[in-house]
1. Taking a probe of 1.4 angstrom, what is the accessible area of HIS40 in Å², to the nearest 10?
2. For segment 33-179: lysine pairs with Cα atoms under 26 Å, gap of 8 or more or different chains, count?
3. Just to verify a number: what accessible area does MET126 come out at with the full protein assembly present, 1.4 Å probe, Å² rounded to tens?
4. All other residues with a Cβ under 14 Å from the Cβ of ILE171 taken together, and with Lys, Arg as +1 and Asp, Glu as -1, what is their net charge?
5. ³J(HN,Hα) across segment 119-133 via Karplus (A = 6.51, B = -1.76, C = 1.60, θ = phi - 60°), whole Hz, x for Gly/Pro?
6. Hey, what's the chain come to in accessible area per residue, 1.4 Å probe, Å²?
7. Considering only protein heavy atoms, with the full assembly of protein chains and a 1.4 angstrom probe, order ASP103, ASP97, ASP154 by accessible area, largest first.
8. For PHE73, PHE32, what's the largest-to-smallest order of accessible area, 1.4 Å probe?
Amino acid sequence: MMAEAPQLPYVYSIDGLGIKLNIRPLGTEDSFEQMTSLLHRSYQLLAEMGLRFLATYQDSATTKERCLSGYTFVAEHGKQLVATLTLYPSSPTSHCDYYRRPDVWHFGQFAVHPSLQKHGIGSVMMDLAEAIAAHKDAKELALDTSEQALHLIDYYQKRGYEFREYVQWDITNYRSIIVSKRLG
């Protein structure tokens with residue numbers, strides 16, 4: 001049985017801050033330059049740790065290419081972009097064995113503006129990604145991160161993601177772990 005489709009746009013309120021976010025699919029009005037800037041700011045701590053995530057240095061053309069190769073949704077406060085996530089279906093040509101599995105979707109370009117982190121926005125974005133992937137009949141949702149980013153690994157494990165394998169990308173300076181969560 002197919003999961004119920006998540007409804008976008010979705011309004012999320014941050015209690016105590018008086019902020020309402022509109023979470024919606026990427027639109028033609030969105031700026032890849034602004035999204036790239038958000039990615040750079042959001043990944044700054046990782047860059048300061050010496051980790052060369054693609055999102056720490058990618059240009060706007062790369063951001064656009066990555067967004068358009070998946071299903072990207074964004075969160076905005078007023079007209080300001082404050083979060084993003086791109087969801088990808090199985091990738092038969094991926095360098096990563098796990099991402100080639102037909103029942104596994106994965107996500108990337110996951111960012112929340114640093115001033116709004118730790119307010120539940122990332123969790124809401126991941127909830128939506130998991131629901132969309134399940135609706136598209138994915139059995140698992142996966143992601144990769146540096147094995148050195150212990151705070152991220154802890155966050156994903158608390159959400160039910162489990163270690164699957166290692167992968168070494170040619171665009172990073174670290175070994176990644178693949179973690180995934182069974183859906184449904």
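The values are calculated or read from the model by the stated rules, or taken from the named source; none is laboratory data. Since the model is a prediction, treat every value here as computed from it, not as a measurement. With ideal geometry, Cβ positions are generated from the backbone for all residues, glycine too; neighbour counts draw on all protein chains shown. Note: areas computed on protein heavy atoms with side chains; ligands, DNA, RNA excluded. Shrake-Rupley method; radii C 1.70, N 1.55, O 1.52, S 1.80 Å.
1. HIS40 has an accessible surface of roughly 60 Å² with all protein chains in place.
2. Taking the Cα cut-off of 26 Å, the pair count is 6.
3. The accessible area comes out at roughly 0 Å².
4. -1
5. Whole-Hz 3J(HN,Hα) from phi for segment 119-133: 10, x, 5, x, 5, 5, 4, 5, 4, 5, 4, 5, 5, 5, 4.
6. With all protein chains present, the chain gives 52 Å² per residue.
7. The residues order as ASP97, ASP154, ASP103, largest area first.
8. From most exposed to least exposed: PHE32, PHE73.
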